[in-house]
Structures are given as structure tokens and as C-alpha cells.
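The values are calculated or read from the model by the stated rules, or taken from the named source; none is laboratory data. Owing to the predicted nature of the structure, the values given are computational and were not obtained by experimental measurement. Glycine also receives a Cβ, built like all others from the backbone with ideal geometry; neighbour counts cover every protein chain displayed. The protein model used for the area step is the full one, side chains on, heavy atoms only, and it has no ligands, DNA or RNA in it. Shrake-Rupley method; radii C 1.70, N 1.55, O 1.52, S 1.80 Å.
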Amino acid sequence: MAPDLLEAIYAAPLEPDRWTDAIQRVSRLVGADGADLAIWDGTGSQLTFLRRFGMGSPECERLFAQHYGKIDPRRQRAMTLPIGEWLVCQQVCDDRFVASSEFYQDFLIPKVGCRYVAGVRLAAEDGLHAMLSLSRRDEPGAAPFSEESLAPLREVTAHLSRAAHLQLRLSRLEAHLGIRGATLDQLSMAVAIVDRDAAVRYANLRGAAVLEGPGSPFETRGGRLVCRSAREVGRFATTVAAAVDRRVGDALRLETGNGAALHCVVVPLSPRAAPLESYQRPMVLLVFIDPAARPSVDRKA
């Protein structure tokens with residue numbers, strides 16, 4: 001998977017406007033013309049979050065939130081499938097169904113300009129559900145998505161699911177409690193926040209275990225993280241500095257103390273990111289992923 005795609009996915013939950021860039025990159029993998037990421041409450045009565053690109057308009061967003069999203073037959077079917085399982089629209093909506101569907105005939109085709117869609121439920125937590133839809137325009141020669149055409153999404157879906165789960169968790173806690181440092185302790189991912197010099201300003205419980213454990217790829221010198229492997233010292237320091245100075249992220253493969261490897265996604269953060277309010281200067285988020293552990297997708301409905 002391209003490092004820039006991985007960086008875009010994990011940057012999005014802490015800076016939600018970056019979801020637009022992430023889903024646009026995902027769309028390119030399968031030739032989609034547009035995409036949207038929506039978060040609904042469990043009953044489908046309220047749209048709480050929406051980021052889109054490529055198709056539709058602000059007016060379409062309003063209509064979707066007020067009425068058409070609630071009667072979307074594709075979303076209703078996707079809600080019955082395991083998390084991470086893609087649905088192509090023709091499995092639910094054949095031409096006969098589309099011809100008599102209010103959702104298609106009054107909204108999706110004439111207002112959005114879309115006919116074919118593939119969708120997936122990425123995450124569910126505390127009554128909230130994150131749904132990703134990829135769309136193709138309603139034009140001559142347009143072809144529906146097929147299960148085979150979605151093959152490039154198999155690897156990326158697990159990472160999208162992780163990021164969507166993070167978005168749900170942060171959105172829920174922000175709404176009820178406000179973001180605190182303890183929020184990140186509740187995440188299932190290992191994360192840390194460092195400054196330009198790679199000094200650790202925060203690490204959640206799992207992140208601290210990665211940084212301080214016997215198999216850590218780092219040692220601490222003068223309060224700064226330094227890679228144990230001499231080959232990686234310069235690249236890690238340069239990547240962190242670039243994330244602060246030029247807001248460019250990357251994904252690194254780091255050698256651990258036990259001879260294995262760890263992936264480190266480096267994500268630039270701005271002071272507007274809520275967990276950074278106490279620092280008020282650019283920081284960098286490090287997301288640690290064990291490549292030997294196959295990304296898991298929660299299969300619970």
C-alpha cells in the first residue's frame with residue numbers, strides 16, 4: 001500500500017476535513033467518480049458526520065441528511081452485513097427496483113448524477129455506524145462495480161475500518177466529554193505524539209508499551225526518540241521534521257529490538273487538532289502497526 005494513502009487514512013480522524021483526501025485516494029483505486037463517508041446513529045434517524053468529494057452539492061447533502069439518506073436501500077442492506085464486507089448496489093437494487101425507487105428516481109440519479117455504488121460499513125460503536133460509499137456517474141457506458149473490481153480495496157479496508165473506529169470514538173467522546181489526553185488511552189491502536197525533535201509529548205498506554213518495551217525500535221537520548229538501527233536514525237528524524245515543517249507524512253518500516261519490524265505511520269498535526277490544544281504548536285502523530293499481525297476487521301454486526 002502506498003505510504004501517502006496510509007498516511008491520509010490515519011490523519012483523517014484527528015483532522016476530519018482530511019477525510020475528503022483519504023476517500024478520494026481510495027476511490028482512485030477502483031475508478032470511482034465520487035465518494036462519501038457518513039456516520040449515522042443506530043436507528044438511521046440522524047446523520048451526524050459527512051465528508052464527500054466528486055459528486056453532489058451542498059443541497060444534495062441537505063436533502064440526504066433530511067430525508068433521502070433515511071430511505072437509502074443500500075444503506076439499509078449494508079447495516080445487516082458484517083463490518084468490512086463490501087456491497088455492490090446491483091445486489092440489492094436491480095434495474096426493475098431502480099425504476100420504481102423514490103431514492104433513485106427523485107434523488108440519486110437526477111440530483112447527484114449517480115447510478116452505481118459500492119458501499120461498506122466500516123465501524124460501529126455506541127449506536128453509531130460509519131458507512132463509506134463509492135459512486136460512478138450515470139452516463140453512457142458506465143459500468144456497475146463488481147466484487148472483482150473491488151479487489152484493490154481488500155487491504156485498505158482494514159485500515160479504513162481502524163481509522164473509522166477511531167473517528168467514532170473521538171467523535172463520541174468529544175461530544176460528551178471534550179477531548180482529553182485520556183481519550184487516546186481508550187484506543188486499541190498504539191499512538192504517540194512527538195514534537196519536531198521527536199521528544200515524546202504524549203503516548204497512550206499501547207504507544208508507551210511500544211516505546212518502552214524490550215522490543216522497541218527506539219531508545220531515548222536527551223529526551224528524544226532515536227532509532228536503534230543506525231540505518232534508520234536519519235530517515236526517522238528527517239521524516240518527523242518534514243511532518244512539522246512541510247506537513248508531509250510518511251510510513252516507515254523500523255527494525256525492533258527483537259529482530260522483527262514495526263510500521264510507523266507519521267502524520268502531521270496542526271494546533272487545531274483537539275489533543276494538541278495544550279501544546280499550541282505543530283506536532284506529529286505516530287501510529288504503530290505490527291505488520292506481522294494481520295489487520296483485523298470486527299465481524300460483529
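Computed values, structure above
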quantity: Hey, Cys60 out of contact with any strand residue (DSSP E or B) (no Cβ under 6 Å at 6 or more places or on another chain) and part of a helix (DSSP H, G or I) or not; calculated: yes
quantity: Condition broken by Ile179, with the remaining ones in (1) open to solvent by 10 Å² or more (accessible area, probe 1.4 Å); (2) of a type outside the set (Gly, Ala, Ser); (3) within 30 Å of Phe218 (Cα to Cα); (4) modelled with pLDDT of 85 or more satisfied; calculated: (4)
quantity: Only one of Ala151, Ala158, Ala163, Ala142 that is open to solvent by less than 70 Å² (accessible area, probe 1.4 Å), without any contact (Cβ under 8 Å) to a residue 12 or more places away in the chain and farther than 26 Å from Gln66 by Cα; calculated: Ala151
quantity: Test: Leu122 is out of contact with any Pro (no Cβ under 7 Å at 6 or more places or on another chain), of a type outside the set (Gly, Ala, Ser) and closer than 30 Å to Arg169 by Cβ; calculated: yes
quantity: Residue list for segment 1-32, restricted to those being open to solvent by less than 40 Å² (accessible area, probe 1.4 Å) and farther than 24 Å from Thr48 by Cβ; calculated: Leu5, Leu6, Glu7, Val30
quantity: Filtered residues of segment 86-118 (kept if open to solvent by 20 Å² or more (accessible area, probe 1.4 Å) and in contact with a Phe, Trp or Tyr (Cβ under 7 Å, 6 or more places away or on another chain)); calculated: Tyr116
quantity: Test: residue in segment 187-207 that is assigned to a loop (DSSP other than H, G, I, E, B), open to solvent by 80 Å² or more (accessible area, probe 1.4 Å), at pLDDT 65 or above and out of contact with any helix residue (DSSP H, G or I) (no Cβ under 9 Å at 6 or more places or on another chain); calculated: no
quantity: Number of positions in segment 15-32 that are over 10 Å from the mean Cα position of the chain (by Cα) and within 20 Å of Met189 (Cα to Cα); calculated: 1
quantity: Count of segment 1-30 residues which are among the β-branched types (Val, Ile, Thr) and in a loop (DSSP other than H, G, I, E, B); calculated: 1
quantity: Test for Val265: is it at pLDDT 55 or above, buried (at least 16 other Cβ atoms within 10 Å of the Cβ) and within 17 Å of the chain's Cα centre (by Cα); calculated: yes
quantity: Every pair of residues 6+ apart whose Cβ atoms lie under 9 Å, when the first sits in segment 97-119 and is over 27 Å from Arg154 (Cα atoms) while the second is polar (S, T, N, Q) and in a helix (DSSP H, G or I); calculated: Val98/Gln105; Ala99/Gln105
quantity: Any hit, segment 31-52, residues being part of a helix (DSSP H, G or I) and either among the hydroxyl-bearing types (Ser, Thr, Tyr) or out of contact with any strand residue (DSSP E or B) (no Cβ under 7 Å at 6 or more places or on another chain) (or both); calculated: no
quantity: Residue list for segment 213-231, filter: outside any loop (DSSP other than H, G, I, E, B) and either hydroxyl-bearing (Ser, Thr, Tyr) or within 27 Å of the chain's Cα centre (by Cα) (or both); calculated: Phe218, Thr220, Leu225
quantity: Only one of Arg77, Arg62 that is of a type in the set (Lys, Arg), in contact (Cβ under 8 Å) with a residue 12 or more places away in the chain, surrounded by fewer than 21 Cβ atoms within 10 Å (Cβ to Cβ) and under 27 Å from Gly127 (Cα atoms); calculated: Arg77
quantity: Any hit, segment 268-287, residues being modelled with pLDDT of 90 or more and either open to solvent by 70 Å² or more (accessible area, probe 1.4 Å) or more than 22 Å from Ala8 (Cβ to Cβ) (or both); calculated: no
